[in-house]
Amino acid sequence: MGNEKEVLEKLVRADIGTRPFSELTSVSLSGLGANLAGRVLLAELEARGLRAGQDYQAVGALTQAAVPLVLSMVLASTEPIDGFSIDFVYPGIKGKNIQGKKVVLLDAWLSEKSYIQTSSIITLHKGNELSLDYSVIEHLGAQAVAIASLVGGTGAMTGEESKYVEVVGAIDQEKHRLPFVYAYNVTEVSTSHVDSPHDPRA
């Protein structure tokens with residue numbers, strides 16, 4: 001997997017270039033990129049003790065940018081897993097019923113200071129938006145077991161602290177600490193990563 005991850009990293013770096021943010025679609029929608037991304041993300045999750053089909057049975061896209069990555073994981077997995085996407089128009093999901101399943105929530109790029117994407121603002125700052133997504137999953141009778149992304153990072157947090165994200169469930173109002181798994185650290189692949197949010201549509 002090491003060589004595959006290195007090849008994928010070159011594609012990711014080429015997509016980002018000098019930009020502070022990218023939805024990574026030139027990677028996720030290319031034949032080579034999609035093929036590699038699915039396997040690399042599955043391997044990263046397994047390295048954290050999360051095995052497809054056993055520790056989670058579905059992968060959900062947090063934004064439209066993550067939809068092709070979800071499909072890549074579904075097709076690359078040797079164990080049967082389903083894919084779905086969060087529906088922000090009518091709070092719920094698009095895809096197969098996930099009731100009773102353990103799921104991984106996935107995005108293409110997820111960092112402490114992320115950017116406005118197609119459907120919503122997803123950031124790790126205080127976990128506000130992720131708490132909403134977590135609550136949708138919780139309401140549907142599923143259990144989110146991890147947050148994952150192709151490119152990610154937790155800002156100033158280091159060590160074990162950087163490997164987890166805290167969300168608050170709407171049903172029990174309790175804090176939940178979820179593993180945060182990403183293939184590439186934003187500070188390593190984005191030379192222009194900045195600290196202040198920016199709307200690329202402005």
Going by the conditions given, is His193 surrounded by 15 or more Cβ atoms within 10 Å (Cβ to Cβ), at pLDDT below 85 and either polar (S, T, N, Q) or not in a strand (DSSP E or B) (or both)?
yes
Every listed condition ((1) at pLDDT below 70; (2) touching a His at 6+ places or on another chain (Cβ under 9 Å); (3) surrounded by fewer than 17 Cβ atoms within 10 Å (Cβ to Cβ)) holds for Glu166 save (1)
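Condition check ((1) within 14 Å of the chain's Cα centre (by Cα); (2) crowded, with 19+ Cβ neighbours inside 10 Å; (3) closer than 23 Å to Lys163 by Cβ) across all residues:
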{"residue": "Ala14", "(1), (2), (3)": "no, no, no"}
{"residue": "Gly17", "(1), (2), (3)": "no, no, no"}
{"residue": "Leu24", "(1), (2), (3)": "yes, yes, yes"}
{"residue": "Val27", "(1), (2), (3)": "no, yes, no"}
{"residue": "Gly31", "(1), (2), (3)": "no, no, no"}
{"residue": "Glu46", "(1), (2), (3)": "no, no, yes"}
{"residue": "Val59", "(1), (2), (3)": "yes, yes, yes"}
{"residue": "Gln64", "(1), (2), (3)": "yes, no, no"}
{"residue": "Pro68", "(1), (2), (3)": "yes, yes, no"}
Are any residues in region 169-190 modelled with pLDDT of 85 or more, under 19 Å from Ala146 (Cβ atoms) and either small (Gly, Ala, Ser) or surrounded by 15 or more Cβ atoms within 10 Å (Cβ to Cβ) (or both), and if so, which ones?
His176, Leu178, Pro179, Phe180, Val181, Tyr182, Ala183, Tyr184, Asn185, Val186
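Results for (1) over 27 Å from Leu140 (Cα atoms); (2) modelled with pLDDT of 95 or more; (3) in contact with a Cys (Cβ under 7 Å, 6 or more places away or on another chain), shown as yes or no for each residue.
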{"position": "Gly2", "(1), (2), (3)": "yes, no, no"}
{"position": "Lys5", "(1), (2), (3)": "yes, yes, no"}
{"position": "Ser26", "(1), (2), (3)": "yes, yes, no"}
{"position": "Leu45", "(1), (2), (3)": "no, yes, no"}
{"position": "Leu50", "(1), (2), (3)": "no, yes, no"}
{"position": "Tyr56", "(1), (2), (3)": "no, yes, no"}
{"position": "Val59", "(1), (2), (3)": "no, yes, no"}
{"position": "Val74", "(1), (2), (3)": "no, yes, no"}
Residues satisfying the stated conditions in region 70-82, i.e. crowded, with 19+ Cβ neighbours inside 10 Å and more than 20 Å from Leu32 (Cα to Cα)
Ile81
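The values are calculated or read from the model by the stated rules, or taken from the named source; none is laboratory data. Predicted, not measured: the structure shown is a model, and the values here were computed from it. Please note: Cβ atoms are built from the backbone with ideal geometry, for glycine as well, and neighbour counts cover all protein chains shown.
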